[in-house]
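Participant: Can you keep this structure in mind? I'll have questions shortly.
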Amino acid sequence: MKRMMSSHSDDPYKPPKGWKWVKLGKVCKVIMGQSPPSKTYNMERKGLPFFQGKADFGELYPTPRVWCSSPQKIAQPGDILISVRVPVGPTNLANVTCCIWTRLGSSLSYSRNRTEMALVLSSQH
């Protein structure tokens, strides 16, 4: 299968006029989730909401189903949550301080407009 490439070998396609390719680390900090001990998971709302992947995602914000009393990795309100396991790519914005599992990454955007960054990350390009 032939991959479409622009003049730069790392670019999968030519970006729109006025845009340029950059490494993700140049525009945000990515924090990978981690699996806390399973005995700390609960449904009694003890600790932080615990987002485990796309199953928790809504249209823009995740919905808590499980909580964690001993979070390992934490995302803050406004951070972009990125699914990094199958399916890879879906995004949501954290609307609460939350624990994130190994299937999620959290991106603290350096841009003032995190919603815009989330839309760019979730684009199908």
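Read-outs throughout are calculated quantities, based only on the coordinates presented, and are distinct from any laboratory measurement. Here the structure is a predicted model, which is why all the values come from computation and not from measurement. Please note: Cβ atoms are built from the backbone with ideal geometry, for glycine as well, and neighbour counts cover all protein chains shown.
Participant: List Tyr41, Tyr13, Tyr61 from most exposed to least, where exposure is judged by having the fewest other Cβ atoms within 10 Å.
Facilitator: Tyr13, Tyr61, Tyr41
Participant: Sticking with this structure for a sec: Calculate, in nm to one decimal, what Val30 and Val88 gain on full extension: separation in residues at 0.36 nm each, minus their alpha carbon distance. If you can, show how the numbers build up before the last one.
Facilitator: On the way: separation 58, 0.36 × 58 = 20.88 nm, distance 1.48 nm.
Result: 19.4 nm gained on full extension.
Participant: Reachable lysines from Lys73, Cα under 26 Å, same-chain residues fewer than 8 places away excluded?
Facilitator: Lys23, Lys26, Lys29, Lys39, Lys46, Lys54
Participant: Using 0.36 nm times the number of residues separating Asn42 and Glu59, minus their current alpha carbon distance, what extension gain do you get?
Facilitator: This chain segment gains 3.7 nm when fully extended.
Participant: Let me ask something else about it. Would you order Thr63, Thr91, Thr40 from fewest to most other beta-carbon atoms within 10 Å of each residue's own beta-carbon?
Facilitator: Thr63, Thr40, Thr91
Participant: If packing is taken as the average number of other Cβ atoms within 10 Å across a peptide's residues, how do 51-57, 82-88 rank, most packed first?
Facilitator: 51-57, 82-88
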